[in-house]
1. Does residue 20 meet the test of being modelled with pLDDT under 90, assigned to a loop (DSSP other than H, G, I, E, B) and open to solvent by 80 Å² or more (accessible area, probe 1.4 Å)?
2. I need every pair where a residue in segment 204-219 that is under 17 Å from residue 239 (Cβ atoms) and in contact (Cβ under 8 Å) with a residue 24 or more places away in the chain has its Cβ under 7 Å from the Cβ of a residue that is of a type in the set (Ser, Thr, Tyr) and open to solvent by less than 50 Å² (accessible area, probe 1.4 Å), sequence separation at least 6 or different chains.
3. Please verify whether residue 312 is open to solvent by less than 60 Å² (accessible area, probe 1.4 Å), of a type outside the set (Ser, Thr, Tyr), touching a helix residue (DSSP H, G or I) at 6+ places or on another chain (Cβ under 9 Å) and farther than 23 Å from residue 201 by Cα, treating the condition exactly as stated.
4. So which residues in segment 200-223 are in a strand (DSSP E or B) and under 26 Å from residue 299 (Cα atoms)?
5. Going residue by residue through segment 144-161, is there one that turns out to be touching a residue at least 24 places away in the same chain (Cβ under 8 Å), touching a Lys or Arg at 6+ places or on another chain (Cβ under 8 Å) and over 19 Å from residue 121 (Cβ atoms)?
6. Pull up segment 41-81, narrow it to residues that are of a type in the set (Asp, Glu) and farther than 15 Å from residue 100 by Cα, then point me to the one that is farthest from the chain's Cα centre (by Cα).
7. Name the strands (runs of 3 or more DSSP E) wholly inside segment 106-199 in which the number of residues that are open to solvent by less than 10 Å² (accessible area, probe 1.4 Å) and within 19 Å of residue 305 (Cβ to Cβ) is 3 or more.
8. Do we find that residue 269 is open to solvent by 30 Å² or more (accessible area, probe 1.4 Å) and part of a loop (DSSP other than H, G, I, E, B) in this structure?
Amino acid sequence: MGNGVWHGRSGWMRPPNIHQHAKPPPPTKNGVGPSCVVLPPNDNGQWPTILDFLVVRFASLTRAQIEARLVNGDISNDLGQPISPATPYLGQQKLYYYRTVLNEPSIPFTEQILFEDELLLAVDKPHFLPIAPAGRFVQETVLVRLKNKLGIDTIAPMHRIDRETAGVVLFTKRPETRGAYQMLFQNRQVDKQYLAVAPWRENLQFPKIIRSRIVESAHFMSMMECDGEPNAETNIELLAHGSKYGWYRLTPLTGRKHQLRVQMAGLGLPILNDQIYPEHLERNDQDLTKPLQLLAQAISFTDPISGERRTFQSQRTLLAIDQ
């Protein structure tokens, strides 16, 4: 829990009926839903106050930083009552707070809304912008930006693409229909197409279907191909090429983490500006000059509510292949 992050699980979490008159969790604040922490038993009396516990629980923050949030009324119990620095510790109760990141990196690129109706949002995401709060990013995410822009607290992503990848991302607006849309992805009823710029090799013939087994690697946050039954499948087409690079259309038939990046690197065609495959380079959040040349170009599906066939296409482009 480093990097000065106020950690916890985001989203709405209704507490059990520990107290007869417990209230629902606090509302969304600045586009961020309340996170929750449950206070463990205080058998040895090691935490005289809730502040004493929070200093241990969130070791990446100083006592003064946590105390300031208590003074500002940013933390409350499941009765909706604010916690003060002097509030005595009482185990088995829930506290609600809002995740923030100290010195959160700014991302100077803007998402574009491609489509909106009463149920759905289709958004054209720029490179470098995360979908939802995690790690170093909270406010600088598509989800929080949309909640703040539209004033709709119930927006949620239907699926995810990497922070480094640009292109079409879908969001639902109503909790009661969210499951039906998310099941489309679980049941592989969504057609997705990506564009990529990667090296061109004369000895490789396209189109080709790549089937491989992708598993987590020993390196943090990265994946790798290994022997065994395939669990990832992608159709790869070469659309055009120059003397060094080609434009590829990638059609994944499965949805493994980093699937396209891993399989292209496995062919000896790592996607241009990939900082993880084939070699994991040191991250530099301040360098936004070399976006990964991978674009979620189009997504299509049959709407489970209306029965309409829906297709959304990105308006973004990748580098020219003569570079």
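The values are calculated or read from the model by the stated rules, or taken from the named source; none is laboratory data. Computed from a predicted structure; not experimentally measured. Cβ: placed from backbone, ideal geometry, glycine included. Neighbour counts: every protein chain shown. Please note that ligands, DNA and RNA were not included when accessible areas were found on the heavy atoms of the full protein model with its side chains. Shrake-Rupley method; radii C 1.70, N 1.55, O 1.52, S 1.80 Å.
1. Working: modelled with pLDDT under 90: yes; assigned to a loop (DSSP other than H, G, I, E, B): yes; open to solvent by 80 Å² or more (accessible area, probe 1.4 Å): yes.
When the stated conditions are applied, residue 20 passes them.
2. 210/234
3. Numbers: open to solvent by less than 60 Å² (accessible area, probe 1.4 Å): yes; of a type outside the set (Ser, Thr, Tyr): yes; touching a helix residue (DSSP H, G or I) at 6+ places or on another chain (Cβ under 9 Å): no; farther than 23 Å from residue 201 by Cα: yes.
Considered against the rule, which asks whether it is open to solvent by less than 60 Å² (accessible area, probe 1.4 Å), of a type outside the set (Ser, Thr, Tyr), touching a helix residue (DSSP H, G or I) at 6+ places or on another chain (Cβ under 9 Å) and farther than 23 Å from residue 201 by Cα, residue 312 comes out as no.
4. So in segment 200-223, the residues in a strand (DSSP E or B) come out as 208-216, 223.
208, 209, 210, 211, 212, 213, 214, 215, 223, listed by residue number.
5. no
6. Across segment 41-81, the extreme among qualifying residues is 43.
7. Of the strands (runs of 3 or more DSSP E) lying wholly inside segment 106-199, those with at least 3 residues that are open to solvent by less than 10 Å² (accessible area, probe 1.4 Å) and within 19 Å of residue 305 (Cβ to Cβ) span 120-125, 166-172.
8. no
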